[in-house]
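A short worksheet on the structure shown next.
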Amino acid sequence: MPERVLPTALAAGRVPAPPPLSGLAPGAVKGVAALSAASCRAATAAEAAPARRSSSGRRAEGAPPGIAHPPVPADGGGFFARRRPGRPGIAVFLNAGDPPLETLPDLVAMLDDSDIDCLELAVPFPGSVTDGPVIRRSADRALAGGVTLDAVLDAVAALRPSLRRLRIALLADWSHTVRGRDLGHFAHAVAGAGCDGLLLHGLPPRLRPAHYEAAHRAGLPLVTTCYAVSAPKVVAEAAAHASAYLYLVAHYGRSGTAAALDHDRLAATLTQLRATSRAPIAVGFGVRTGADIAALEELGADAAVVGSAGVARIEGALAQRRDAVREFASFVTELRHPAASRPDPRMKEGSHT
């Protein structure tokens, strides 16, 4: 994944009127229509509210002049607050709409009842240059089902009130989803829908200051990214602006391409980031099993992000007409209990994270 592609965030619609359920059959997501107006009212209220400042009121070291560091929750970062020795944080990646969007409430309820901390929910987009075949096929299935940004935000708004622990970080692609939208309106709409964080994929570097400012004004925590081999300036910027969590990409390459983790380099980068980042650090790419997650914790990571391994399980369930939510629940259990893990031949392709 090229560094210019990685800092990512989430998509949102225009605020004053409730967004249409574009691409969805009537009643596809239970309760979405009823909560759509409430979601938009919340976004409008957020836009009208004064911007929140960091507790210190100071600009974070390494942040561009004039941009305050977004506030970090007092519970240790929010997304992985329950982590403790032997209990690292876990985020799982899924494309919204794969499995079909009408199953999202059941899937999210299952994750909320399980030991998963965060759902990294992507607004699907085609032809990702950073993803391998597992996730690209998943995005294509979701897009074929007519899933749009507005539909995803409405779905999140509908299920948000029922969640107790699970955090949702929205991932959206700049070119496919966000281009042409006002960054401020976009950030307020994402926050108003109830997303806990934003990761914007493929954002041009020249727009990063505006993105940071828009998210700060909306009170929307950000997921920032860097590689284990990134230049010091890139690492410093990611650390300065991470307020949801910092996504440390373990190695170059597309998701779904296997590569051995350089444990020494990862450990050194984690030590460096620990000294400068106020947000939790989650490591992704090459993370497939509970054993991988345990190894990352030993290296100093707060959490792990698991993508293609889980997406492949969804793909298999859909192909064999099995219950995708039940299959993913089994996968989640394996992540927390490595001894229960079973190999998946499809994962020769590697994993997104």
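Summary table
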| quantity | calculated |
| --- | --- |
| Cα centroid separation - the stretch 259-322 against the stretch 198-253, whole Å | 18 Å |
| Estimated FRET transfer efficiency (L318, A291; beta-carbon r; R0 30 Å; 0.05) | 0.65 |
| Sites E298 and D182, calculated FRET efficiency, Cβ-Cβ separation with R0 41 Å, nearest 0.05 | 0.40 |
| Per-peptide average of other Cβ atoms within 10 Å, ordering 102-113, 305-316 highest first | 305-316, 102-113 |
| Label point distance in nm, K233-R326, each placed 7 Å from Cα along Cα→Cβ | 5.5 nm |
| At R0 = 25 Å, FRET efficiency that the Cβ-Cβ distance of H263 and R165 yields, to 0.05 | 0.25 |
| Protection-proxy order for peptides 289-296, 78-85, 94-101, each taking the mean of Cβ atoms within 10 Å per residue, highest first | 94-101, 289-296, 78-85 |
| Interchain or long-range residues, amide H under 5 Å from V306's placed H | A91, V92, F93 |
| Environment charge at I168 (Cβ cut-off 9 Å; Lys +1, Arg +1, Asp -1, Glu -1) | 0 |
| Fraction in percent of alpha-carbon pairs per bin - 10 Å, the stretch 152-195 | 25, 54, 18, 2 |
| Amide H partners (placed H, <5 Å) of R167, local residues excluded | C118, L119 |
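The numbers here are math on the coordinates, done by the rules we state, and not lab data. Predicted model, so just to flag it, every value in this text is computed and none were measured. When we count neighbours, we look across all protein chains shown, and the Cβ atoms used for this are built from the backbone with ideal geometry, even at glycine.
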